[in-house]
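Input: a single structure, listed below in structure tokens.
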Amino acid sequence: MTEQRCRPTAAEPVARRDIDAYSPPWADFAAFFRSRKDDDRTFLIAVSRGQGTRAEWSVGQWRNAVYNVADQLTRHGVRAGDSVAVLAHNSAETLALTFAVWLLGGCLVPLDPRDGDERHDEILQECGARWIGVDSGVESVARARRHASADAIVVGGLMSTQRRERPSVIGGPLDAPALRMHSSGTSGRPKAIIIPMRSILLNCHAMQEAFGWTQETRVLTVLPISHANGLLINSFLPWFVGGSTVLVDKFRGSTFWPIAAETRTTTSSIVPTVLEYLLASEAGDHPAPLMKEVISGSGPLRSTAASEFEQRFGIPVRQLYGLSETTAVLTATPPRTGGYLEPGLRKSIGTAVPHAQVDVVDSNGIPCDQGVRGEIVARGGMLMNGYANNDTANAEAFSGGWFHTGDRGYWERAADGKIWYFLEGRLKESIVRGGLNIAPQLIDEVVATHPLVQSAAAVPFANRWQGEEIAVFVIASGDLTEAELLAWCAERLEPHMCPKVVIFGSEMPSTSVGKIRRSVLTQQLAGELARFWETSFRTESRSHSPAAIIPERRADPQSHGPAAQ
């Protein structure tokens with residue numbers, strides 16, 4: 001029996017409503033938190049390579065720790081409905097604070113440590129948070145205290161595993177705001193995303209079904225828990241499924257495999273940047289961990305990188321797709337007990353997870369046929385409540401009874417009858433050359449296959465003759481010239497997709513989870529690319545020699561490109 005595609009009709013409910021009979025069986029977070037009874041099993045192992053420490057908590061010890069942190073928060077005045085910001089790195093204390101805020105019915109507001117004070121002030125004013133949880137240490141506390149509107153709470157001094165009953169003050173229905181994430185601003189002004197606990201629990205059930213995680217699952221968490229992947233997939237989902245997590249202070253290529261082996265982890269949800277670093281590591285073979293797979297999400301993964309990783313390490317790579325607006329995951333490639341995906345599905349982001357409907361529509365909201373590019377849309381109870389104080393953005397995002405992701409993709413029906421989805425990048429990142437829309441991610445992937453290219457990002461620049469032409473920013477690992485790279489592209493890309501200018505640098509503007517900030521890069525390169533406004537680049541045939549038009553420029557290992565954001 002083949003899967004039936006979901007077609008949007010006027011009679012269907014709004015995008016945020018459930019699409020099936022499943023509903024989380026708990027009245028509030030406190031009931032969910034108490035429902036896990038295996039008190040003697042390990043839940044958390046916290047590893048700090050920076051401090052040379054390792055600590056472990058059983059389920060019972062973790063529950064006591066969270067109860068104690070919740071009590072400390074109530075003494076600071078935190079109550080149901082309050083927003084609590086957190087400006088702290090990966091640690092058991094930071095994670096306990098998160099659980100405690102939810103236990104009290106509060107809304108967690110993660111702040112990215114890489115953002116500046118001005119951006120943090122803006123977020124604090126918007127959400128009304130009166131408290132900031134911070135790491136211990138003079139610099140961290142001093143930074144938090146620069147925000148006069150909120151009191152600093154040092155998370156390091158809150159934890160205790162002393163046995164106690166649940167806090168006297170708990171509350172908050174599942175539909176109340178639990179998490180306020182902020183979009184990265186990769187294609188526009190950042191927006192505040194409001195996610196209720198009900199959406200988190202529903203998506204956790206969907207991920208449990210899609211991933212096949214059980215109480216034997218142990219996750220290696222190297223991503224920052226200030227972002228959805230690190231927090232919800234790596235750290236929170238293990239509690240939901242009855243498994244455990246290993247929380248590492250930060251990712252280091254040299255320690256990933258040793259920690260995986262020492263702690264006997266079975267999986268890790270990472271981003272493509274981490275996978276690329278592991279491939280580039282000089283550490284050689286890993287010390288035989290028990291990992292059954294790794295999961296890659298939060299950005300486009302090169303299919304060749306996934307295949308190389310599987311061949312080198314003998315560990316399958318699965319892809320997932322989702323946005324903060326969808327809580328965590330919309331699609332995922334099914335689990336594999338062995339072998340590789342067939343080549344036609346290697347680039348796929350998988351099939352829709354339970355409790356989610358996914359489709360691809362054109363600019364008029366009409367469903368696209370197989371293989372036709374359009375916008376990926378979704379429906380289901382795991383979606384956000386909406387963007388805070390932004391009626392215009394909400395009306396656009398939820399038009400037609402679907403949530404519009406802003407991502408371009410297409411679908412194919414596989415031999416098993418299931419619909420598999422393919423992602424090509426952000427709609428607003430399209431390069432419009434001569435009236436044709438070009439996905440820059442497709443160019444990125446081809447450029448990145450060159451053996452001397454560490455990373456690459458295609459960007460548009462204004463051009464008199466085509467409207468927009470294509471440049472590519474490259475971080476190279478060796479002696480590479482522009483002419484050599486353009487010739488490489490000319491052999492592998494259609495003429496209209498070939499970059500015309502190469503700019504070498506040493507740092508790629510990116511978010512803390514490795515997403516390229518293409519809009520920032522475009523702005524930073526605009527001045528240098530302005531001189532090509534009048535240049536006519538001939539692309540009528542593949543015999544065109546890029547070197548005849550562009551002066552040869554060589555990658556300088558000491559060059560400095562746009563600073564990482």
Which whole-number percentage describes the relative contact order of the stretch 207-310, with Cα contacts under 8 Å and a sequence gap of 6 or more?
27 percent
Remind me, relative contact order of the chain in percent, using alpha carbon pairs under 8 angstrom and six or more residues apart?
13 percent
Based on alpha-carbon centroids, what's the gap between the stretch 347-410 and the stretch 122-162 in Å, whole number please?
36 Å
Nearest 5 is fine: what % of DSSP beta bridges in the chain come out antiparallel, could you say?
60 percent
Given a Förster distance of 35 angstrom, what is the FRET efficiency for Ser149 paired with Thr392, based on the Cβ-Cβ distance and rounded to 0.05?
0.85
Fewest-first ranking of Lys191, Lys292, using other Cβ atoms within 10 Å as the exposure measure
Lys292, Lys191
Fully extended, how many nm does the chain gain between Gln51 and Thr214 (0.36 nm per residue separation, minus their Cα-Cα distance)?
55.6 nm
Sort Ser83, Ser269, Ser244 so that the residue with the fewest other Cβ atoms within 10 Å of its own Cβ comes first and the one with the most comes last.
Ser83, Ser244, Ser269
So what is the 222 nm mean residue ellipticity for the chain from helices alone, if each DSSP H run of at least 4 adds -39500 (n - 2.57) and you divide by all residues, rounding to the nearest 500 deg cm²/dmol?
-7000 deg cm²/dmol
Which loop-located GluC sites (Glu not before Pro) does the stretch 428-526 contain, where loop means any DSSP state but H, G, I, E or B and the Cβ has at most 15 other Cβ atoms within 10 Å?
Glu491, Glu507
Listed by chain and number, the lysines with an alpha carbon less than 22 angstrom from that of Lys428, same-chain partners under 8 positions apart left out, are Lys191, Lys347, Lys500, Lys515
Sparse-neighbourhood loop hits (chymotrypsin sites (Phe, Trp or Tyr not before Pro), the stretch 383-440; DSSP loop; Cβ within 10 Å at most 10 others) -> none
Could you please report the charge total around Arg408, scoring K, R as +1 and D, E as -1 over all other residues with beta-carbon less than 10 angstrom from its beta-carbon?
-1
Tell me which trypsin sites (Lys or Arg not before Pro) from the stretch 397-454 have a DSSP coil assignment and no more than 13 other beta carbons within 10 Å of their own.
none
Test item: Cα-centred dipole of the chain, Lys/Arg +1 and Asp/Glu -1 on Cβ, debye:
820 debye
Starting with the fewest neighbours, write out Met159, Met382 ranked by other beta-carbon atoms found within 10 Å of each beta-carbon.
Met159, Met382
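Readers should treat all values here as calculations from the given coordinates under stated rules, not as data from a laboratory. Predicted, not measured: the structure shown is a model, and the values here were computed from it. Because the Cβ atoms are built from the backbone with ideal geometry, glycine has one as well, and the counts that use them run over all protein chains shown.
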